[in-house]
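This report concerns only the one structure given below.
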Amino acid sequence: IVNSVVVTALSVLIIVVVAAMAAYPLARATARWSRWTFALIMLGLLLPFQLALLPLYQTIRDLELLGTLWSLVLFYSGLQVPFATFLYLGFLRVVPREYEEAALIDGGSPLQVFWRVVFPLLRPVTGTVVILNAIFIWNDFLTPFLYLSGSDQQTVPVAIFGFIGQYVSQWNLVFAGLVIAMLPILIAYFLMQRHIIKGFAGGLKG
């Protein structure tokens with residue numbers, strides 16, 4: 001459970017920071033480069049990650065990160081940033097610019113304006129990004145099974161899978177583990193479901 005919490009928390013934090021900072025200039029810039037950059041990022045949504053499983057595995061192996069939680073953090077961060085950027089971009093397009101302009105006139109730098117003025121306004125879509133990515137990362141089985149295989153590090157889905165053997169399956173432990181695994185993410189979802197709806201609504205409107 002601790003491994004799953006660490007991987008999920010670090011991955012979601014990186015996704016939120018990178019996607020929000022990438023979407024902000026893309027939403028505000030009107031130059032041609034912004035459209036091409038956005039199209040390049042969106043390519044990450046078109047290509048299934050299964051196509052890159054082998055080269056990604058070789059890259060993680062060459063970085064000597066196999067069997068460590070950092071391999072999962074890097075994988076999930078790179079995989080989910082395009083979708084998170086898409087959500088942030090749609091929401092930013094409907095955020096008024098008057099707040100930013102007033103902050104700039106008061107002497108704030110662009111980075112300060114983003115973190116102190118713009119980012120707090122992105123709370124609904126940030127809740128959407130957090131809960132959707134947290135659910136995906138928490139429940140993913142394939143990636144931890146590949147990258148942590150042969151090590152003593154495990155995430156919740158892989159640990160539950162260990163109760164199923166070729167000859168004996170401990171179904172009582174499997175179902176108990178499933179209940180324990182569902183509770184944290186289910187509680188988080190119910191606490192943030194209002195932000196999820198607002199985030200999607202704002203993105204679709206944009």
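Quick test for you: out of V130, V125, V113, V156, pick the one residue that is within 20 Å of A9 (Cβ to Cβ) and open to solvent by less than 10 Å² (accessible area, probe 1.4 Å). If you could, list the steps in order and put the result at the bottom.
On the way: V130 fails: open to solvent by less than 10 Å² (accessible area, probe 1.4 Å); V113 fails: within 20 Å of A9 (Cβ to Cβ); V156 fails: open to solvent by less than 10 Å² (accessible area, probe 1.4 Å).
Sole residue among the options that is within 20 Å of A9 (Cβ to Cβ) and open to solvent by less than 10 Å² (accessible area, probe 1.4 Å): V125.
Is there a residue in segment 69-91 that is surrounded by fewer than 16 Cβ atoms within 10 Å (Cβ to Cβ) and touching a residue at least 60 places away in the same chain (Cβ under 8 Å)?
no
Can you list the helices (runs of 4 or more DSSP H) found entirely within segment 1-85 that contain at least 2 residues being closer than 30 Å to L183 by Cα? Talk me through it step by step, then tell me what you get.
Details: elements: 2-28, 32-46, 53-62.
Hits in segment 1-85: 2-28.
Select from segment 86-117 the residues that are basic (K, R) and in a helix (DSSP H, G or I) and list them in ascending order.
R116
Quick one: in segment 7-61, of everything that is more than 30 Å from Q112 (Cβ to Cβ) and of a type in the set (V, I, T), which residue is surrounded by the most Cβ atoms within 10 Å (Cβ to Cβ)?
Step one: filter segment 7-61 for residues more than 30 Å from Q112 (Cβ to Cβ), giving 7, 43, 45-61.
With of a type in the set (V, I, T) added as a condition, the list becomes 7, 59-60.
Details: V7: 25, T59: 14, I60: 20.
Within segment 7-61, the match that is surrounded by the most Cβ atoms within 10 Å (Cβ to Cβ) is V7.
Looking at this structure, is P144 in a helix (DSSP H, G or I), open to solvent by less than 20 Å² (accessible area, probe 1.4 Å) and not β-branched (V, I, T)? Step through it out loud before you land on a result.
Details: in a helix (DSSP H, G or I): yes; open to solvent by less than 20 Å² (accessible area, probe 1.4 Å): yes; not β-branched (V, I, T): yes.
When the stated conditions are applied, P144 passes them.
The values are calculated or read from the model by the stated rules, or taken from the named source; none is laboratory data. Since the structure is predicted, the reported quantities are computational estimates derived from the model, not experimental observations. Virtual Cβ from ideal backbone geometry, glycine too; neighbours counted across all protein chains shown. Surface areas here come from the heavy atoms of the whole protein model, side chains and all, with no ligands, DNA or RNA. Shrake-Rupley method; radii C 1.70, N 1.55, O 1.52, S 1.80 Å.
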